[in-house]
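Below you'll find the structure, written out as structure tokens, and then a few comments.
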Amino acid sequence: MSTTRLNPKSIYRIKTRKVPLAVGRPTFSGRFLVFANSRAALVPSEGHQTTPDSAGRAVRHRREALLSLGILVNDGEGHLVFTQDFAFQSCHDAAAIVMGLQAADGFREWKPLI
């Protein structure tokens, strides 16, 4: 896998202790599509330099907007769940929302689904 670009023909995942499994793929238009039923962290992943209160205003507002639109819902088990496929501006934005971080390197966080 290239460190500078994700292949639009491949499927990728984020799986951490706080994110059981998020799955998506880049689009040919440069966006990143996170698939329905993917999980997102309710609070930021451990090991990253952020806390729930410092997740960043922009990311917090985007997560709140996705929650208010019903695109993300709280599963009652400590995770958020995507109710439908959702296209983010980039793999970085998708990773930040999924992991609950202020910012994320999508090239590093999204791993090939094997």
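Modelled label positions at residue 89 and residue 108, each set 7 Å beyond Cα in the direction of Cβ, lie 2.1 nm from each other.
Might you report the magnitude of the Cβ-based charge dipole of the range 12-112 about its Cα centre, with Lys and Arg at +1 and Asp and Glu at -1, to the nearest 20 debye?
So the dipole magnitude of the range 12-112 works out to roughly 220 debye.
If we sort 65-71, 15-21, 93-99 on the protection proxy, mean other Cβ atoms within 10 Å, highest first, what's the order?
Descending mean neighbour count gives 93-99, 15-21, 65-71.
The sum of -39500 (n - 2.57) across all DSSP H runs of n ≥ 4, divided by the residue count of the chain, sets its helix-only mean residue ellipticity at 222 nm to -6000 deg cm²/dmol.
Using 0.36 nm per residue and subtracting the Cα-Cα separation, the extra length available between residue 11 and residue 64 on full extension is 16.4 nm.
Computed from the coordinates by the stated procedures, all read-outs in this text should not be read as laboratory data. Here the structure is a predicted model, which is why all the values come from computation and not from measurement. No Cβ is skipped: glycine too gets one built from the backbone with ideal geometry, and neighbour counts run over all protein chains shown.
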